[in-house]
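Engineer: Okay, handing you the structure first.
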Amino acid sequence: MFSDFDFDVVINAIPFLWEGMQLTFLLTFLAITGGLFLGVLLALSRLSHIKVLSFAAGSYVNFFRSMPLILVIFWFYFLVPFIVGRPVGGFYSVLVAFTLFEAAYYCEIMRAGIQSVRISQVQAGQAIGLSYSQNMRYIVLPQAFRNMTPILLTQAVILFQDTSLVYVVGLHDFLVNAEIVATRENRLIELFSTVAVVYFVLCLSFSLSIRKLQKRFSI
Amino acid sequence: MNYNWDWGVLVTAPYFGWIISGLGWTLAVAACAWLIAFTLGSIIGIMRTTDNPVARSIGAGYVEVFRNIPLLVQMFLWYFIFPELLPEAWGTWVKRGIPLPEFWTAVVCLGTYTASRVAEQVRAGINAISLGQKQAAMAIGLAPMQVYRYILLPVSYRTIIPPMTSEFLGIFKNSSLALTIGVLELTAQTRQIEEYTFQGFEAFTAATILYITVTFIVMTAMAVVEKKMAIPGMISLGAK
Amino acid sequence: MKFKNLGIVAISLAAFYAAGSMAGEVDSSFVLKRIQERGVVNMGHREASVPFSYIGDDGKPKGYSVDLCHKIVEQIKVSTENPDLKINYVPVTSQTRIALMANGTIDLECGSTTHNLTRQKQVDYLATTFITGTKLASKKGSGITELEDMDGKVIALSLGTTNEKAIKRVAEEKGLNIKYVMVKDHPQGWLNLENGRADAYASDDVLLYGLISKSKNPDDFQVTGRFLSYDPYGIMVPHDDSTYRRLGDVVLADMMRSGEMQKIYDTWFNPGPTDIGMPISSTLKTAFEVQALPH
């Protein structure tokens, strides 16, 4: 099975695969940025004492957490054109879907992070006269972020891999392009092995380098 | 919308039966895979927090391999490549000998994949416990096993209930990828209905509602558990 | 050469006929109206349906169905009085093609879609452009020729295809004890056959020949048996727009009459860029003759 591994197919496909990889990178970067920002807001709302706010954030998170990502992408792609009244194109509908979806997960991760900070820290902050936002800003969030960094990173790696679900709307990311070549040339083993190796090397070097950074900042 | 809605298709034979059987397979894959993920993930996660360098690196290696390759690709590797690496007789047995080869392949794949994520949660949970607790435990003369058994694990499992719930829901939703190796779970069945009837929106709506319902039940149950298990003295909904 | 000229004459003739009723044509067709307003025609295509509709090495869609659609777009240009009409290629899969047609994203689908009566409730089809049916692919020397030989054996089937339906129906009628392995797409079905997970793979015969031509050891495999289903392929267009559908049918009928259709067929199938080597079947030839309606 491996003796007649067809390297030529993989080599010929490199430019096409690279095109896909660029989309993967772009989408991951934008979705992480947007998702992280929205996720912090959601986590703070969810833990806030204002009932309406915490309920709204809670419902949002629960709604998105209960849907498989693939269905979220699907619905956004098909329903957004109705709401807007014209085709919006795959990229934007997918970007919105990823951002909103990831925000729900970042929110949960950060909620757990904030909750892992001991309450005596908050009380100490209150005692020296810090306001709620100052307390969050200077005491709670820095500690929470450090506790939660490994999981936030895992989630980022997951998102990087999940971008392959854009095949639902016909966008061409790395995995989709590899599948197109694999299917067209009938060379599944070759392409899938390549994909596995590429993802592994990329994700591993990403997590290793971030972990080095993290060590410097850990409590 | 230029679409011919026909909700009746969902309750027509055989499509209604397909949806129900699809939901059944989804739950079966998720439940079996969770057993593997939770057990293996806990072991790996604990290994990563011990002082033994060999255990630590085995744990780290496991997590890196399984979380750095997309699940879709892992599914493919388990199904198509793993049997070819075995001695021929075993490979044939995996491919055709065992009952439901697709099902068990999907379970093993999802379980080992999610185990890497569970391991990270367990590790983060244990590491979040302040060093003082561990030192106190050792000071009163507990053996390392006892420190884990009585101090670290009870505390950390209680703090990581929210992310663990996420992981379980993740496995439930990721089970939809089992369709790529031919397990006829919920998503696969809705696609079948789509192809047979061209009534895709109805089928996808049904699937969406079922996923949300199951998730809602799990989340409600876990919210109760979370509240009951909340540790006084930590910021949490339960303590407020 | 002669044929080509005839084709051009036929098309310009058709354009002439169409020109007479142009204003009315666009007004009575919501699809033509939206194409005219946007200045773009959205063409749905498949990505790996070789040689009907697939992405070539240059990243552009091509194939038999795509060529036919380009001919139809030429006519749309005439009808919407927009010679600069742009084509926007929208990749579709078997899961998205209906939804995208229903929500107005694509104006025609050029792939390898079976035309059947159930599906007509949701979309319309142009004239039949290809005819195929379910057959079995197996290893040479496996002793499998018909589905009846599969009793007690394992067959791979592609999820949700008309082939799956056909095989299960015949197996039930004949009381055959066959084990099914479901696969997601054709290459995975093929891989299951190659590595011994399945004893046969059932699909449209044209696709099986395509898979064999692309496999590493084409001489080891065979396509056998009678047709277990009847699968006519057609270009999909939005539902309930008879003016637009007629426009497409006129283009196809003109090409069938002029012989241009068979020329395009030969470009892709005989032997075609992938060496599939399928000369036109007598059934398809007859179908072209029957559908070449006069003006």
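The values are calculated or read from the model by the stated rules, or taken from the named source; none is laboratory data. Note that this is a predicted model, so its numbers are computed, not measured. Glycine also receives a Cβ, built like all others from the backbone with ideal geometry; neighbour counts cover every protein chain displayed. These accessible areas exclude ligands, DNA and RNA; they are computed on the full protein's heavy atoms, side chains included. Shrake-Rupley method; radii C 1.70, N 1.55, O 1.52, S 1.80 Å.
Engineer: Mind counting the residues in the range C:43-86 that are over 16 Å from the mean Cα position of the chain (by Cα), within 27 Å of C:THR132 (Cβ to Cβ) and either outside the structural domain of C:LEU108 (by TED's automatic domain parsing) or not in a helix (DSSP H, G or I) (or both)?
Structural biologist: Final tally of qualifying residues: 3.
Engineer: Another question about this same structure. Working only within the range B:20-36, note down all residues that are buried (at least 24 other Cβ atoms within 10 Å of the Cβ) and closer than 18 Å to A:MET67 by Cα.
Structural biologist: B:GLY22, B:THR26, B:VAL29, B:ALA30
Engineer: Among the residues in the range C:165-180, are any in contact (Cβ under 8 Å) with a residue 40 or more places away in the chain and in contact with a strand residue (DSSP E or B) (Cβ under 8 Å, 6 or more places away or on another chain)?
Structural biologist: Yes - at least one qualifying residue is present in the range C:165-180.
Engineer: Within the range B:165-179, does at least one residue satisfy the condition of being in contact with a helix residue (DSSP H, G or I) (Cβ under 7 Å, 6 or more places away or on another chain) and open to solvent by 30 Å² or more (accessible area, probe 1.4 Å)?
Structural biologist: Yes, the conditions are met somewhere in the range B:165-179.
Engineer: Scan C:MET256, C:MET236 and give me the residue that is within 14 Å of chain B (Cβ to nearest Cβ), among the hydrophobic types (A, V, I, L, M, F, W, C) and either over 15 Å from the mean Cα position of the chain (by Cα) or within 27 Å of C:ILE167 (Cβ to Cβ) (or both).
Structural biologist: Residue meeting the stated conditions: C:MET236.
Engineer: Identify, by number, the condition in (1) out of contact with any Lys or Arg (no Cβ under 8 Å at 6 or more places or on another chain); (2) away from chain B (no Cβ under 12 Å) that C:ASN192 doesn't meet.
Structural biologist: (2)
Engineer: Sticking with this structure for a sec: Collect the residues in the range A:70-122 that are away from chain B (no Cβ under 13 Å), touching a helix residue (DSSP H, G or I) at 6+ places or on another chain (Cβ under 7 Å) and in contact (Cβ under 8 Å) with a residue 24 or more places away in the chain, keeping them in residue-number order.
Structural biologist: A:GLY90, A:SER93, A:VAL94, A:LEU95, A:ALA97, A:PHE98, A:THR99, A:LEU100, A:ALA103
Engineer: For the range B:16-125, which fully contained helices (runs of 4 or more DSSP H) count at least 1 residues that are within 19 Å of the chain's Cα centre (by Cα)?
Structural biologist: B:53-67, B:71-76
Engineer: Which one is most open to solvent (accessible area, probe 1.4 Å), of the residues in the range C:177-189 that are more than 11 Å from C:SER158 (Cβ to Cβ) and either part of a loop (DSSP other than H, G, I, E, B) or more than 10 Å from chain B (Cβ to nearest Cβ) (or both)?
Structural biologist: Among those that are more than 11 Å from C:SER158 (Cβ to Cβ) and either part of a loop (DSSP other than H, G, I, E, B) or more than 10 Å from chain B (Cβ to nearest Cβ) (or both), it is C:ASN177.
Engineer: Let me ask something additional. Under the condition of being in a strand (DSSP E or B) and open to solvent by 30 Å² or more (accessible area, probe 1.4 Å), which residue from the range C:114-172 is farthest from C:SER281 (Cα to Cα)?
Structural biologist: C:LYS139
Engineer: Okay, moving on. Out of (1) closer than 30 Å to A:LEU152 by Cα; (2) away from chain A (no Cβ under 12 Å); (3) hydrophobic (A, V, I, L, M, F, W, C), what's the single condition that is false for B:LEU77?
Structural biologist: In the conditions (1) closer than 30 Å to A:LEU152 by Cα; (2) away from chain A (no Cβ under 12 Å); (3) hydrophobic (A, V, I, L, M, F, W, C), B:LEU77 misses (2) alone.
Engineer: Right, next: Could you tell me which numbered condition B:VAL54 fails, if it satisfies all but one of (1) open to solvent by 60 Å² or more (accessible area, probe 1.4 Å); (2) closer than 29 Å to B:ALA124 by Cα; (3) within 14 Å of chain A (Cβ to nearest Cβ)?
Structural biologist: Result: B:VAL54 passes all but (3).
Engineer: Here is a check on your reading of the model: is A:LEU26 open to solvent by 60 Å² or more (accessible area, probe 1.4 Å), aliphatic (A, V, I, L, M) and more than 13 Å from every other protein chain (Cβ to nearest Cβ)?
Structural biologist: yes
Engineer: Continuing with the same structure: Can you tell me which residue within the range A:137-173, out of those that are more than 22 Å from A:VAL201 (Cβ to Cβ) and free of Cβ contacts under 8 Å to residues at least 12 places away in the same chain, is least open to solvent (accessible area, probe 1.4 Å)?
Structural biologist: Among them, the one singled out is A:PRO142.
Engineer: State yes or no: is A:PHE16 without any contact (Cβ under 8 Å) to a residue 60 or more places away in the chain and assigned to a helix (DSSP H, G or I)?
Structural biologist: So A:PHE16 does not fit the description; no.
Engineer: Anything in the range A:39-91 that is assigned to a helix (DSSP H, G or I), β-branched (Val, Ile, Thr) and more than 26 Å from B:ALA207 (Cβ to Cβ)? List them, or say none.
Structural biologist: Passing the criteria: A:VAL40, A:VAL52.
Engineer: Among all residue pairs at least 6 apart or on different chains, which show Cβ distances below 8 Å where the first residue, located in the range B:175-202, is facing chain C (nearest Cβ under 7 Å) and touching a residue at least 60 places away in the same chain (Cβ under 8 Å) and the second is aromatic (Phe, Trp, Tyr) and part of a loop (DSSP other than H, G, I, E, B)?
Structural biologist: From residues that are facing chain C (nearest Cβ under 7 Å) and touching a residue at least 60 places away in the same chain (Cβ under 8 Å), the pairs are B:PHE201/B:TYR3; B:PHE201/B:TRP5.
Engineer: Moving on to the next point. Just one of the numbered conditions (1) touching a residue at least 24 places away in the same chain (Cβ under 8 Å); (2) within 24 Å of B:SER57 (Cβ to Cβ); (3) more than 9 Å from every other protein chain (Cβ to nearest Cβ); (4) surrounded by fewer than 22 Cβ atoms within 10 Å (Cβ to Cβ) is not true of B:ALA115; which one?
Structural biologist: (4)
Engineer: Among C:ILE98, C:ILE76, C:ILE35, C:ILE55, which is the only one that is in contact with a Gly (Cβ under 8 Å, 6 or more places away or on another chain) and surrounded by 17 or more Cβ atoms within 10 Å (Cβ to Cβ)?
Structural biologist: Result of the check over C:ILE98, C:ILE76, C:ILE35, C:ILE55: C:ILE98.
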